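Worksheet for the structure shown next.
The values are calculated or read from the model by the stated rules, or taken from the named source; none is laboratory data. All of these numbers come straight from a predicted model, not from anything done at the bench. Heads up, the Cβs are rebuilt from the backbone with ideal geometry, glycines too, and the neighbour counts pull from every protein chain shown. Please note that ligands, DNA and RNA were not included when accessible areas were found on the heavy atoms of the full protein model with its side chains. Shrake-Rupley method; radii C 1.70, N 1.55, O 1.52, S 1.80 Å.
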Amino acid sequence: MYDVLIIGGGAAGLTAALYTGRKKLKTAILTIDVGGQTLLTDNIENYPGVDPMQGANLMSKFREQAEKFGSEFIFGEVDHIIKKEDGNFQLNLSNGETYESKTVILASGKTARKLGIPGEAKFMGRGVSTCATCDAAFFNKKTVAVIGGGNSAMDAAILLEKFADKIYLIHRRDEFRGDEITVDRINNSKKIETVLDSIPKEVSGEDIVEKLVVENVKTNEEDELKVDGVFIEIGYELKTDFVEKLVELNEIGEIKVDDRCRTSLPGFFAAGDVTTVPFKQTIISAGEGAKAGLEVYRYIQGDKANISIDWK
Ligand code: NAP
């Protein structure tokens with residue numbers, strides 16, 4: 001029996017574990033990876049107090065701190081959660097394992113959205129990628145396509161400029177939604193060719209990616225681009241359906257929380273990108289994780305809790 005099971009090993013979950021560990025609560029982080037979305041960030045310049053560094057390095061520091069104060073890691077995917085009659089929670093993993101705890105902090109973040117076109121799944125990791133930061137360097141002197149029209153897609157295209165000889169930036173409309181300054185960089189690039197009003201239809205090849213078929217949505221004409229890689233940068237989605245019967249979600253599936261990370265279900269807290277808290281940033285997730293950890297402590301201690309909300 002744990003005091004708290006934290007679902008998700010990103011900035012929010014690791015920080016929550018640091019706080020509950022320091023309160024000597026029996027803590028485990030249940031996760032499929034350690035580092036979450038921050039892992040995918042090439043260079044973090046806006047995490048105060050630390051020099052600019054790769055997201056992966058920052059996250060290994062988070063992990064070390066959480067472990068130093070006693071947090072365990074359990075690797076796996078939570079399939080469903082039961083709130084038991086005694087008030088405790090039972091977490092059931094997809095591998096059949098079960099764990100029990102007095103409280104839960106859901107900090108499972110978000111995952112890259114997929115296109116759902118033929119060839120995408122088959123060539124994932126063999127030319128198709130959802131992480132330019134991780135995979136750009138594999139495409140030295142190659143031709144690649146980046147799909148999407150937001151900041152992520154434009155940042156990916158700009159990062160790929162360092163490696164690839166040619167980058168097609170394919171967007172389904174004729175206007176980008178990213179920052180103006182980045183749009184200017186894209187338009188001034190000699191290596192990036194924008195392919196607007198176009199949607200990808202199919203990725204194909206023998207063993208690795210060789211072609212991408214795109215369709216112009218205005219003319220319905222199809223074009224076959226010879227590419228070695230396809231980067232899918234079309235935003236993120238939440239996976240919260242496994243708790244939709246337990247806690248209240250908003251219309252886009254985010255967990256509704258109050259200003260103390262409490263959900264609609266007592267004992268069940270949430271923090272970071274998975275919640276309704278705006279601005280999905282590492283620093284904000286870390287702060288929310290800290291709040292969730294302290295709130296769990298208050299919940300478990302009840303009237304005995306020796307911390308007050310405002311520290312008076
Ligand atoms: P986003 O802003 O939601 O943009 C997603 C893009 O993908 C949109 O252009 C969208 O097209 C397109 N798209 C969505 N589904 C598609 C589909 N099925 N097929 C083809 N295209 C599809 O997502 P994001 O770029 O990942 O950014 C997420 C958030 O993080 C944003 O708030 C962003 O500003 C922020 N961010 C900031 C930075 C930075 O400041 N440097 C870097 C990365 C991300 P439509 O435009 O037609 O909807």
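For the chain, which cysteines have no disulfide-compatible partner, meaning no other cysteine Cβ under 4.7 Å?
Cysteines of the chain left without a disulfide-compatible partner: CYS261.
Per DSSP H run of n ≥ 4, the term is -39500 (n - 2.57); total these for the chain, divide by its residue number, and report the mean residue ellipticity at 222 nm rounded to 500 deg cm²/dmol.
Roughly -7000 deg cm²/dmol at 222 nm, from the helical runs in the chain.
Run the simple label-point estimate for ASN140 and SER189 please: 7 Å along Cα→C-beta, distance reported in nm.
Placing both labels 7 Å beyond Cα along the Cβ direction yields 2.0 nm.
Cα-Cα pairs above 23 Å in the range 128-232: how many percent?
Percentage above 23 Å: 19.
Restricted to Cα positions, what overall size does the range 192-312 have along the principal axes? Three whole-Å values, descending.
So the extents along the principal axes, rounded to whole Å, are 68, 30, 29.
With viscosity set to 1.567 mPa s and temperature to 4 °C, compute the Stokes-Einstein D of the range 145-201, Rh being the Kirkwood radius across alpha carbon pairs; µm²/s, no decimals.
Answer, rounded: 118 µm²/s.
How far apart, in nanometres, would the label points at ILE283 and ASP179 be if each is projected 7 angstrom from Cα along the Cα-to-Cβ direction?
1.4 nm
Over the range 27-160, what is the relative contact order in whole percent, taking alpha-carbon pairs under 8 Å and six or more residues apart?
19 percent
In whole percent, what relative contact order does the range 128-232 give with Cα contacts below 8 Å and a gap of six or more residues?
31 percent
What Kirkwood radius, in Å to one decimal, follows from the Cα pairs of the range 2-47?
11.3 Å
Before I look further, what does the range 66-142 give for accessible area per residue, probe 1.4 Å, in whole square angstrom?
Heavy-atom accessible area per residue stands at 51 Å².
Using alpha carbons only, what's the Rg to Rh ratio of the range 220-270 with Rh from Kirkwood?
Value, to two decimals: 1.33.
Could you work out what % of the accessible surface of the chain is carbon and sulfur, using a 1.4 angstrom probe and leaving DNA, RNA and ligands out of the count?
Of the solvent-accessible surface of the chain, carbon and sulfur hold 46 percent.
How long is the gain from THR98 to ASN151 if the chain were fully straight, where each residue apart is worth 0.36 nm and the alpha carbon distance is subtracted? The partial results should precede the final answer.
Values: separation 53, 0.36 × 53 = 19.08 nm, distance 3.96 nm.
Separation in residues times 0.36 nm, less the Cα-Cα distance, equals 15.1 nm.
Quick one: how many lysine pairs in the range 83-147 have C-alpha atoms under 22 angstrom apart, if they're 8 or more apart or on different chains?
4
For the chain, count all C-alpha to C-alpha pairs, find those more than 26 Å apart, and express that count as a whole percent of the total.
51 percent
Helix hunt in the chain: which complete DSSP H runs extend at least 27 Å axially by C-alpha with mean Kyte-Doolittle at least -1.0?
The answer, listed by residue number, is 282-301.
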